[in-house]
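Every number in this text was worked out from the coordinates using simple rules, so none of it is lab data. Predicted, not measured: the structure shown is a model, and the values here were computed from it. Positions of Cβ are generated from backbone atoms using ideal geometry, with glycine treated the same way; all protein chains shown enter the neighbour counts.
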Ligand code: 5GP
């Protein structure tokens with residue numbers, strides 16, 4: 001997606017040579033117009049695929065998943081929670097996920113009310129790096145007896161292992177921007 005790549009080039013910043021900071025359009029401030037077109041791009045990539053529900057993970061995946069839902073006929077969007085709060089349904093599917101940016105493991109939960117056997121689920125997230133979050137979400141969908149029909153990623157770090165993890169799990173992956181390297185202190189696309 002050209003517009004997205006241009007935005008990464010003009011507004012993205014590299015931190016410590018391995019994290020791409022995109023706070024001003026995806027991870028903190030949101031560029032709603034761009035996200036609208038991101039949603040549209042996912043709809044084009046997954047055209048013809050039956051989707052009952054979209055699953056993402058808080059926080060940054062939520063806006064992207066909602067924008068995608070607008071272009072898939074408004075299926076419900078479910079977001080996996082990262083913290084156990086009092087109002088979280090205790091009857092939940094649960095997985096442990098290693099956080100690449102925080103370098104720690106945390107639990108991810110989805111209430112059993114919101115994923116059911118037989119549902120066709122499109123998973124959406126902002127980044128794919130080593131595939132820990134993606135694998136966790138795929139696992140949750142399968143725990144529910146539902147089917148992960150695809151994974152839509154806004155920015156894939158193509159030099160990390162995420163793609164292999166997702167393909168090994170047997171899930172179709174569509175990424176709108178694939179980064180090849182951060183060589184020379186700048187973003188290079190695949
Ligand atoms: P993974 O689980 O695939 O290793 O990492 C995916 C998650 O880590 C994403 O949901 C995202 O929150 C975060 N992440 C990984 N790499 C980056 C990065 O370079 N920039 C940003 N902003 N987030 C990243």
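Values as computed for the structure displayed
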{"quantity": "Difference of contour (0.36 nm per residue) and Cα-Cα distance, residue 70 to residue 188", "calculated": "39.4 nm"}
{"quantity": "Rounded tilt (10° steps) of 132-143 against the dominant C-alpha axis of the chain", "calculated": "20 degrees"}
{"quantity": "MRE, 222 nm, helices only [DSSP H, n ≥ 4, -39500 (n - 2.57), over the chain, to nearest 500]", "calculated": "-8500 deg cm²/dmol"}
{"quantity": "Relative pair counts by distance (%), Cα atoms of the chain, 5 Å bins", "calculated": "1, 8, 17, 21, 21, 17, 9, 4, 1, 0"}
{"quantity": "Label-to-label distance, nm, for residues given as residue 50 and residue 142 (7 Å Cα→Cβ offset)", "calculated": "2.2 nm"}
{"quantity": "Principal-axis tilt of helix 2-11 within the chain, Cα atoms, nearest 10 degrees", "calculated": "70 degrees"}
{"quantity": "Burial ordering of 89, 16, fewest other beta-carbon atoms within 10 Å first", "calculated": "16, 89"}
{"quantity": "Contour minus Cα-Cα distance for residue 101 and residue 180 (0.36 nm per residue)", "calculated": "26.6 nm"}
{"quantity": "Between segment 138-180 and segment 26-84, the alpha-carbon center distance in angstrom", "calculated": "14 Å"}
{"quantity": "Burial order of peptide ranges 151-163, 46-58, 135-147 (average beta-carbon count within 10 Å, highest first)", "calculated": "151-163, 135-147, 46-58"}
{"quantity": "Tilt relative to the chain, helix 32-45 - C-alpha long axis, 0 to 90 degrees, to 10", "calculated": "70 degrees"}
{"quantity": "Residue 130-residue 9 FRET efficiency (beta carbon distance; Förster radius 35 Å; 0.05 resolution)", "calculated": "0.90"}
{"quantity": "By average C-beta atoms within 10 angstrom, highest first, the peptides 110-119, 65-74", "calculated": "65-74, 110-119"}
